[in-house]
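Undergrad: I'd like to ask some things about the structure below.
The values are calculated or read from the model by the stated rules, or taken from the named source; none is laboratory data. Quantities reported herein were computed from a predicted structural model and do not represent experimental measurements. Here the Cβ positions follow ideal geometry from the backbone for every residue, glycine too, while neighbour counts run over all protein chains shown.
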Amino acid sequence: MSLTPSNMLPLGTPAPDFSLPDVVSGETLSLADFSDYEGLLVMFICRHCPFVKHLQDALGRFGRDYNGKNLGIVAISANDAIEYPEDGPESLKEMALSLGFTFPYCYDESQKTAKAYDAACTPDFFLFDRERKLAYRGQFDDSRPGKDIPVTGRDLRGAVDAVLENRPVFQPQQPSIGCNIKWKKE
């Protein structure tokens, strides 16, 4: 595990398009599938990372809390499943079902989507506004494995609420911290 912060992509960056299979439904999803939502949250997560495990139950709750609230949510795993089989599509499907994810969980086998988003770690969060311009990229909250701070999602929830209410998102934004994305060896 390599402790890695978000790259903090510049605010206002347009959301890159993607075309990825949802590990649960098998349906291929793209950016256009979320066009009717006021905001779009793209999360890069995986199954094996202790930072994701630390907040995975809260991610499930987050999805349920915002279900029906005009927010599109998609989770993406881009880790090399050859080197990290726990992050392969079948295992991710088990994770999504066991945690009750209400949002699609896609697998980025080529890793092109993760590179297009400049994703660096798991978890890594990218929140886009109605025009699909980046409004927030940062941490879920201040909680980390081994810290005695409850997982609340305070930072991300505040950003999502601002986007859904068409208000500016607070500044400064703190980077997420987690395991580095497991890039394929070239």
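Undergrad: So which residues in region 120-175 are of a type in the set (A, V, I, L, M), free of Cβ contacts under 8 Å to residues at least 40 places away in the same chain and farther than 24 Å from ALA32 by Cα?
TA: ILE149
Undergrad: Would you mind listing the strands (runs of 3 or more DSSP E) fully within region 106-186 where at least 3 residues are more than 19 Å from SER30 (Cβ to Cβ)?
TA: Where strands (runs of 3 or more DSSP E) fall fully within region 106-186 and carry at least 3 residues being more than 19 Å from SER30 (Cβ to Cβ), they are 134-138, 177-180.
Undergrad: Could you grab me the full set of residues in region 132-150 that are out of contact with any strand residue (DSSP E or B) (no Cβ under 8 Å at 6 or more places or on another chain) and closer than 19 Å to VAL42 by Cα?
TA: ASP141 - this is the single residue of region 132-150 that is out of contact with any strand residue (DSSP E or B) (no Cβ under 8 Å at 6 or more places or on another chain) and closer than 19 Å to VAL42 by Cα.
Undergrad: Something else now. Residues LEU97, LEU3: which one is out of contact with any helix residue (DSSP H, G or I) (no Cβ under 7 Å at 6 or more places or on another chain), closer than 21 Å to ASP142 by Cβ and exposed (fewer than 15 other Cβ atoms within 10 Å of the Cβ)?
TA: LEU3 is the lone residue from the list that is out of contact with any helix residue (DSSP H, G or I) (no Cβ under 7 Å at 6 or more places or on another chain), closer than 21 Å to ASP142 by Cβ and exposed (fewer than 15 other Cβ atoms within 10 Å of the Cβ).
Undergrad: Quick check on this structure: which one of ARG157, ARG137, ARG167, ARG144 is surrounded by 14 or more Cβ atoms within 10 Å (Cβ to Cβ), charged (D, E, K, R) and either more than 28 Å from ASN79 (Cβ to Cβ) or modelled with pLDDT under 95 (or both)?
TA: ARG144
Undergrad: Looking at this structure, is VAL24 out of contact with any Asp or Glu (no Cβ under 7 Å at 6 or more places or on another chain) and assigned to a loop (DSSP other than H, G, I, E, B)?
TA: Criteria met by VAL24.
Undergrad: Any residue that is surrounded by 14 or more Cβ atoms within 10 Å (Cβ to Cβ), within 14 Å of VAL52 (Cα to Cα), modelled with pLDDT of 95 or more and among the β-branched types (Val, Ile, Thr) - is there at least one of those in region 101-116?
TA: no
Undergrad: Return the residues of region 70-86 that are of a type in the set (A, V, I, L, M, F, W, C) and buried (at least 17 other Cβ atoms within 10 Å of the Cβ); say none if nothing qualifies.
TA: Within region 70-86, LEU71, ILE73, VAL74, ALA75, ILE76, ALA78, ALA81 meet the criteria.
Undergrad: Could you please find all residues in region 40-54 being under 13 Å from the mean Cα position of the chain (by Cα) and under 19 Å from ASP118 (Cβ atoms)?
TA: Once the filter is applied, which keeps residues that are under 13 Å from the mean Cα position of the chain (by Cα) and under 19 Å from ASP118 (Cβ atoms), region 40-54 yields LEU40, LEU41, VAL42, MET43, PHE44, ILE45, CYS46, PHE51, VAL52.
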